[in-house]
1. How about the range 207-223: which of its residues are in a loop (DSSP other than H, G, I, E, B), within 19 Å of the chain's Cα centre (by Cα) and either more than 21 Å from Arg328 (Cα to Cα) or modelled with pLDDT of 95 or more (or both)?
2. Quick one: is Arg285 outside the structural domain of Lys402 (by TED's automatic domain parsing), in contact with a helix residue (DSSP H, G or I) (Cβ under 9 Å, 6 or more places away or on another chain) and surrounded by fewer than 21 Cβ atoms within 10 Å (Cβ to Cβ)?
3. Pick from the range 1-42 the residues that are of a type in the set (Asp, Glu) and touching a helix residue (DSSP H, G or I) at 6+ places or on another chain (Cβ under 7 Å): which of them is modelled with the lowest pLDDT?
4. Just checking, how many residues over the range 106-129 are more than 12 Å from Gly59 (Cβ to Cβ) and surrounded by 15 or more Cβ atoms within 10 Å (Cβ to Cβ)?
5. Could you tell me which numbered condition Asn348 fails, if it satisfies all but one of (1) farther than 25 Å from Ile38 by Cβ; (2) at pLDDT 90 or above; (3) assigned to a strand (DSSP E or B)?
6. Within the range 1-40, count every residue that is in a loop (DSSP other than H, G, I, E, B) and within 30 Å of Leu246 (Cβ to Cβ).
7. Any residue at all in the range 40-48 that is crowded, with 19+ Cβ neighbours inside 10 Å and closer than 18 Å to Ile116 by Cα?
8. Pro75 passes all but one of (1) surrounded by 14 or more Cβ atoms within 10 Å (Cβ to Cβ); (2) under 40 Å from the mean Cα position of the chain (by Cα); (3) modelled with pLDDT of 95 or more; which number fails?
Amino acid sequence: MVERRQPIQIDEAVERVMAYPLEVRTENVSIVQSYGRIVADDLRASHPVPSFNRSPYDGFAIRSVDTASASRETPVLFRVIGEIGAGQVFQSEVGEYEAVRIMTGAMIPTGCDAVIMLELVHEKNSSEIDIKRQVKHHDNISFIGEDTEEGEIIAKAGSLIHPGIIAQLATFGVANVSVAAQPVVGILATGSELVDVNEPLEPGKIRNSNAYMVAAQVLRAGGIPVMLGHVEDKIEPCMKIIREQLHKVDLMITTGGASVGDFDLVPEIVKQLEAETLFNKVAMRPGSVTTAAATKSGKLLFGLSGNPGACFVGFELFARPVIRRSQRAKAHLPLSKGTLGVDFPKPNPFTRLIRGKLEEATGEHIVYPSGLDKSGSVVSLAEADVLILLPGGTRGYEKGDKVDVLILNSIEGSDSSWEKFFKS
């Protein structure tokens, strides 16, 4: 008997899986290994930056009061009493009409309250300079804490570590950083039609592209993919692998076998695991038969479609946010706006997610399909940098219509993409 499925809206499906958060774990990694990881806890500055008053330019450190009468007609003569480079400290106090040649980044000598840039002075000889303009109190000084104050948050929990944050870590002596542990995701492909990437094609066969695509999506989301191979359309070998591996992973994903035909395995997998079905149909195209279930131990199982486009979309909407949230990162794909570059005249009762590419034109984001708009198309995935959202209804869409788009390749995320979408 064919199982009856009642479709639910995308936002409700997202809410259901997000109600089963993965365990949040942390680990320490070296600063060299931290690129691309997620900050586990707020990081705070252990000291101010700069930690001393310093010069932002090459020039001369002086007392500004000594320039009060300086002009082109009446230059003021200063005696150069020394030189200071970055990393050095001038040991003497600077007195009236005295100057210290100072390099960029060097500490301001005691007694000085300003720096005049090198190109603004006339060097008479190695020990005397003329200044022909007034210099104001605190001119050209970078003060203690001007960049960052002690105790200030330098990277919030959930931030992706990129080169700028690594510079911050090094600045504050963070040789080892606490990061969110990467969730382990098991990936099992089902289908008697599948052969592996290193095997020759045979009549009626296709290569197992979905598992490798999902593995890359897991990596992009910050997880660790574990390839469990592929099995034919039989429940026994499928259940054997799942039962052996489920306790070793944080999340299990199957591809293929997600609908309700005689060879579709996901409903039976859920039944044999005695898992709670969170949803088994979503009002969207492609990927309407995407299934999610929670086992008795709280592990999530996602049954993604065997069609590449549907598989891709199902992962990005439902599995990705779970993986991201377990690392305290913003979970969802960022939501933006675009202008349709083509017509979509045919109405659809379900929300459509078109794999698209974004182009800039006269200050606007114009979005186009990235290839063949069919769930089995692989080429359209290779070119896609957005998902174009076309809400379901009784009408189509025309070129020039404003639409929402989900950004696929952003290093940042969003906490409320679907809330914004369904309330817009």
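1. Across the range 207-223, the qualifying residue is only Gly223.
2. yes
3. Glu3
4. 4
5. Going through (1) farther than 25 Å from Ile38 by Cβ; (2) at pLDDT 90 or above; (3) assigned to a strand (DSSP E or B) one by one, Asn348 breaks only (3).
6. Qualifying residue count for the region: 18.
7. The answer is no, given that none of the residues of the range 40-48 is crowded, with 19+ Cβ neighbours inside 10 Å and closer than 18 Å to Ile116 by Cα.
8. Going through the list (1) surrounded by 14 or more Cβ atoms within 10 Å (Cβ to Cβ); (2) under 40 Å from the mean Cα position of the chain (by Cα); (3) modelled with pLDDT of 95 or more, Pro75 breaks only (2).
The values are calculated or read from the model by the stated rules, or taken from the named source; none is laboratory data. Keep in mind it's a predicted model, so treat the numbers as computed, not measured. Cβ sites come from the backbone with ideal geometry, for glycine too, and all protein chains shown count toward neighbours.
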